[in-house]
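Worksheet: the structure to be examined is printed underneath.
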Amino acid sequence: MIFKKATIPLIIVFVMGVLGFATQYVPHPASATVTEEITSWFKVIGGFGLFIGAYSLIHMHLTRIKRRMEGWGYSMFTFIGAAFMIFVGLYNGGDGPLREASSQEQVTQKMMFDWGYQYVFVPCTATIFSILAFFMASAAFRTFRARNLAAGLLLVAALIVMLGRVPVSEWFSLQVFGDKGVFDTATDFIMEGPNLAAKRGITLGISLGAISQALRILFGIERSYMGGD
Amino acid sequence: MNASQTQSKKLRQAGIVRRVIFVLVAVAVIVPYILKPNLPGEPNHWAEEVYKRVDTLKPGSHMMLAFNFEPSSGAELYPMVRVVLMHCFKKGVVPVLMTHYTNALNLMKQVVAESATQAKKKWGKDVQPGKDYVILGYRPGDEMLIVNMGENLKGAFDKDLDNRLTQNMPALKGVNSLRDLDLAMDFASSGTTQMWIAYGSDKFGFPLVAGTTAVQAPDLYIYLPPSGQLKGFLGGLRGAADYETLLCRSDNVAVEGPANKGMPSQSAVHVMLVLLILGANVRMIYGKFAGKRKV
Amino acid sequence: MKACNRSAVRVSAWCLGALVAATFATAAMAQAEAPATAPAATTQPAQPTSAAATQLSRPISPEELPPADSFKAMAKTGDDGSAIVIEWARPAKESPDTTYVVQIAKHPEDFANKDAFKHKDVLVLPAKLGDLYQTEISPSSDQFFPLPEPPDLTPDRLKQLLAEKVLTAQECDRAVKILQAIPGGKVAKPDMAWIEKLQECVNNRDWLKTFVPPAGDLLTQEQLTRALAALMSQFREEKTDQAKSEQGWLDLLMAFLKRKDLDLDKDKKLAINTSTWYFRLAVQKDDQKVYVGQNGQPQVVSAAGKPHWFKWGQLNNLVFALVFCVIVGVFIQVAKRRPNLFIRKIGGLEAVDEAIGRSTEMDKPVFFVHGLGGVGGLATMAAINILGRVATRAAEHDSRVKVMNSDPIVTAVSQEVVQQSYMQAGRPDAFNADDVSMVASDQFSYVAAVSGRMVREQPGAIFLLGSFAAESLLLAETGASTGAIQVAGTDAYTQLPFFITTCDYTLIGEELYAASAYLSREPKLLGSLRGQDVGKAFLMIVIVVVSILLTIAAAIGANWDWLRKIFVANMD
């Protein structure tokens, strides 16, 4: 049992990991063939993953509806939305699944699917994304307080960058310093100096952490992802 | 008052402040959008760098536009793609569009159609699919797709979005691999630019520039010169507005475009936030002093 | 309540003040700015006049020619055999209007025939390697000597495919019959009837019209493939069983041929690139062209592409990777002998127990949000490792963990991990598969679903661990509004500020990777952490020392470029 649930997966992880590592350094066409082959396998596995995802989604929402759990109406909505899009997709302007529309008339009928995308999906996702502006404003208002020297520096940097990113800063700059480009220059200095230094530091740390994590997984030291220690 | 009551009171207070800020943001966005004040700024030097790269391409050169965002980030990135495409059409550069997102396909067609219309209106350029531009569309595989395109572009995309075969397509004459590109630009709402650097430009040696959402922009400074893995970038709506300004200046016409239209709203929200934050800090400092005096 | 309202009114009052001030400032600035823009737009530098272009060009002097012995061709090192590198030295004198031209031919004698060789222009740019120019040429590319078009699809070609066992005898017979049934009978010959028939077929599909060859031209296989596609659409319109069957079969045939051609193309291209090619170099200015050579004879050099087994440009990368592996390996061994290695406190991980305990006290669920990463992402993998620990503690405390995923494979892995954790805690009965579910695969649909559940179910603790993009703030801010304890962690640098501002604890980058070791305290895992820290210290020392050395080199004017090159990332 341990052999099936631990040893075999670990061997697969090790072999595939070493292969992936090696192909980075081997330019020979044989290496490209191996990479292509691995990519194909990955796509096939991804295809099966889709069924697992669909099953999980359907099962969860069906249970919620069956048990009349809080918010079960939203689950109904999930099914109605999915059913509608699947139907218009399969109907395919009367051509049925797996075929391209053969006439302009059918292309227009197919627009039902495009309509769902253009006038339901696009506005919905754009709305959620636009909420970000509101959340950003409230989070910034709550957080930026000059409680100590470090927080004060952060606050000043934030204010300069916030102003430097919009054209209105040129007017302020002209009024206060007599030169249009002060905020812009200061913003570029902050972004290309302190910001970049911090970013490089964090990136180096993250990269080393990632290599170390990859090694732990590759050599089977870290196996929590397989459901055991 | 016990701990749980204090907590719920705090939550309630925070909720009210949040709502007030939300209303203010809404007003600060909507009012300038209606009043339409004219606010063109001086373009940032990284935007100028991108503009110069496109502007110096010869007619018939190929520029890859990786359209890596979905409708949700369209507010920032759509005007960017639009203006870069218009510039390509003006210069006779052949844009080659592809995406890593299935949800981007319709948006891609829309932006190409709009830019083509604008190019015809402004410069009388009549562009044809398969000849003056090509929309390759979507293929799965992210970084592996980039590697595949680097090895064999027409193999990775054997047909374009309208099912035309790419093999003998006039728009792709001389382009068999990413190596043959004169320039590539990644329009990214997430980390695809890093992917294009690691698996694209670093591996196959073509010049790469980027256009990203404002949130993603700080991530890219590390790749700009002196590192040079990115030659320039457009950050957020301001980047798109800068590009529009440069393109309009080259035609000696007044600055216009959807990104510049959004600048007053963005300016108002930024100024409002700065004032709010300053106000909150003044209040905090005043509170501290007042507290000390009482003691 | 009153105090709360009063403070809200105060906040609203000066917020409104700020807003009004902002709007006025924007409008005032706009007014001040507006007149300034019009002249700015018109004061563009004048277009260059043609005066410069009318100047007479000087003849190319010998100093403007690169030395003949510096002109070399060689297989590109560390490459798959597709490129040949041409190299020459910068001449003593250069002018910006000069272009270098590299000519390529199959045989030296082909240079005599202007149609038999190809050329590549190289602009005068800063030389790549000190005073050396380099350019890469892939002979099989369209610009030089591309693969010939595949042969026409004729009955003979079909028989050849039969001989190569690409088609079976039955398939070949059917294909021949279909070809013969096509109006005009023989596809390889110009046939107006066939073209007209085809045009009829495609008149409803504008894009297909572009594929119809001009009258009188031969149909190539490529064109026929397109024509067959048009024919298929005609079959589709007919909607008879016969038409459907023909269409399906033609689909198969085309897929066969395409696959075969693609496979063959790869080998053919490699064969072209790895055969010997001949090169000449010329300096060009306006109409003048002077070849690099000796005694008036152009010098011809040759080279062939060669597939290599190692990318030498990445040797430094490999060496560092191996050194780092060794350091980590050594510290794992050390940790086995000395299990109590000191690891600094990480606040976010110390808070895991507190967060779960609080949820149990309040009888609320624990939410675990994975973000958008796939199972291949290391951040997601690290998050799954933490999920195992969180689920075990939650099971011990008799608390419910709800895991929300956007990737089906991560869902499957998470289900397995949580189930195992419940079993380890001795509570297999408490595991509910629906608690670990896939909610949506699209970014903002995912945000909507998770935020909705946060607001409805009011969790006691929220773990936002994994790979996040624009959804980070939306999720964290919604979570903060529910009053839950929030522990976040990601390796996405741009999202960290959002988590820090809205969450109680944030694991920054590598802390996320360290979490599993930190929580389990297993010696081998702790050893790898120590190794990672030593590797980082080593890197920091190297960065400081090399920066100082290169600064000294620049100050004293020494050329220590070799030192810089050791650390340059090279993907070739």
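A few points about this structure:
- Per residue, the convex hull volume that the Cα atoms of the range B:191-295 enclose (Å³): 164
- Here the Karplus relation 6.51 cos²θ - 1.76 cosθ + 1.60, evaluated at θ = phi - 60°, turns the backbone of the range C:534-540 into coupling constants of 5, x, 5, 4, 4, 5, 5 Hz, with x for every Gly and Pro.
- Computed as a quarter of the hull surface, the mean projected area of the alpha carbon convex hull for the range C:442-572 stands at 12.3 nm².
- Annotation: amide H-H contacts under 5 Å for B:VAL209 (H modelled 1.01 Å from N, sequence separation of 5 or more, or interchain): B:ALA184, B:MET185, B:ASP186, B:LYS231.
- C:GLU510, C:GLU522, C:GLU350 arranged by Cβ crowding within 10 Å, fewest neighbours leading: C:GLU350, C:GLU522, C:GLU510
- Across the range B:199-205, computed HN-Hα scalar couplings (Karplus, 6.51 cos²θ - 1.76 cosθ + 1.60, θ = phi - 60°) run 9, x, 5, 5, 7, 10, x Hz from first to last residue, x flagging Gly and Pro.
- Near B:SER115, once Lys and Arg are set to +1 and Asp and Glu to -1 for all other residues with Cβ below 14 Å from its Cβ, the sum equals +4.
- Placing a pseudo-label 7 Å from each Cα along the Cα-to-Cβ vector at C:GLN160 and B:ASN252 gives an inter-label distance of 6.0 nm.
- Average other protein chain Cβ within 10 Å of Cβ, residues A:32-45: 3
- Neighbour net charge for A:ILE128 - beta-carbon separation under 14 angstrom, K R +1, D E -1: -4
- What separates the Cα centres of the range A:1-54 and the range C:400-473 is a distance of 26 Å.
- Per-residue ³J(HN,Hα) for the range C:390-407, Karplus 6.51 cos²θ - 1.76 cosθ + 1.60, θ = phi - 60°, Hz, x for Gly and Pro: 4, 5, 4, 4, 5, 5, 5, 7, 6, 10, 9, 9, 10, 10, 10, 10, 10, 10
- Net lengthening on full extension, C:ALA537/C:LYS306 (0.36 nm per residue, minus Cα-Cα): 79.1 nm
- Rg then Dmax, both in Å and based on the Cα atoms of chain A: 27.3, 77.
- Quarter of Cα convex hull surface for chain B, i.e. mean projection, nm²: 20.5
- Paramagnetic reach from C:LYS266 in the range B:134-160 [backbone N under 20 Å; point 7 Å along Cα→Cβ]: B:139-159
- Taking the helices alone, chain B has a mean residue ellipticity at 222 nm of -17500 deg cm²/dmol, built from -39,500 (n - 2.57) per DSSP H run of at least 4 residues and averaged over all its residues.
- Only Lys, Arg (+1) and Asp, Glu (-1) charged, at Cβ; chain B dipole about Cα centre in debye: 1500
- Label-to-label distance, B:ARG19 versus C:ARG564, with points set 7 angstrom from Cα along the beta-carbon direction: 6.1 nm.
- Per-selection Rg to Rh, the range B:1-81 - Cα, Kirkwood hydrodynamic radius: 1.26
- Pairs of alpha carbons in the range A:1-80 separated by more than 14 Å make up 76% of all such pairs.
- Relative contact order (%) - criterion: Cα under 8 Å, at least six apart; region: the range C:442-572: 16
- Where labels lie 7 Å past Cα in the beta-carbon direction, separation of A:ILE11 and B:LYS9 in nm: 6.7
- Size of electric dipole in the range C:433-520: Cβ of Lys, Arg +1 and of Asp, Glu -1, about Cα centre, debye, nearest 20: 160
- With Cα atoms as the point set, the radius of gyration and Dmax of the range C:368-513 evaluate to 13.9, 41 Å.
- Here the Gaussian network model covers chain B, with springs between Cα atoms less than 10 Å apart; of B:ALA119, B:ALA171, B:ALA280, B:ALA280 fluctuates the most.
- Residue by residue along B:136-142, Cβ atoms of other protein chains within 10 Å of the local Cβ number 2 on average.
- Packing-based ranking of B:84-91, A:217-224, C:323-330 yields B:84-91, A:217-224, C:323-330, ordered from highest to lowest mean Cβ neighbour count within 10 Å.
- Per-residue mean of foreign Cβ neighbours for B:29-38 is 4 (Cβ atoms of other chains, 10 Å radius).
- Packing-based ranking of A:17-25, B:71-79 yields B:71-79, A:17-25, ordered from highest to lowest mean Cβ neighbour count within 10 Å.
- Here's how it looks for C:SER467: its modeled amide H is under 5 Å from those of C:LEU372, C:GLY373, C:THR380, which are all 5 or more places away or on a different chain.
- For B:LEU224, nonlocal amide neighbours, meaning residues 5 or more places apart or on other chains whose placed amide H falls under 5 Å from its own, are B:LEU230.
- The ranking of C:GLU416, C:GLU471, C:GLU136 by Cβ neighbour count inside 10 Å, starting from the fewest, reads C:GLU136, C:GLU416, C:GLU471.
- Relative compactness, the range A:121-229, computed as alpha-carbon Rg over 2.2 N^0.38 Å: 1.61
- The value for the range B:1-147 of Rg(Cα) / (2.2 N^0.38 Å) is 1.51.
- Peptide packing: for B:241-249, B:153-161, B:97-105, the average count of neighbouring Cβ atoms within 10 Å per residue gives the ranking B:241-249, B:97-105, B:153-161, highest mean first.
- Kirkwood-based shape ratio for the range C:486-529, expressed as Rg/Rh from alpha carbons: 1.07
- Signed unit charges on C-beta, dipole axis of chain B, positive-most listed residue B:HIS270, B:ALA254, B:ALA290: B:ALA290
No lab work stands behind these numbers, since they all come straight from the coordinates. Predicted, not measured: the structure shown is a model, and the values here were computed from it. When we count neighbours, we look across all protein chains shown, and the Cβ atoms used for this are built from the backbone with ideal geometry, even at glycine.
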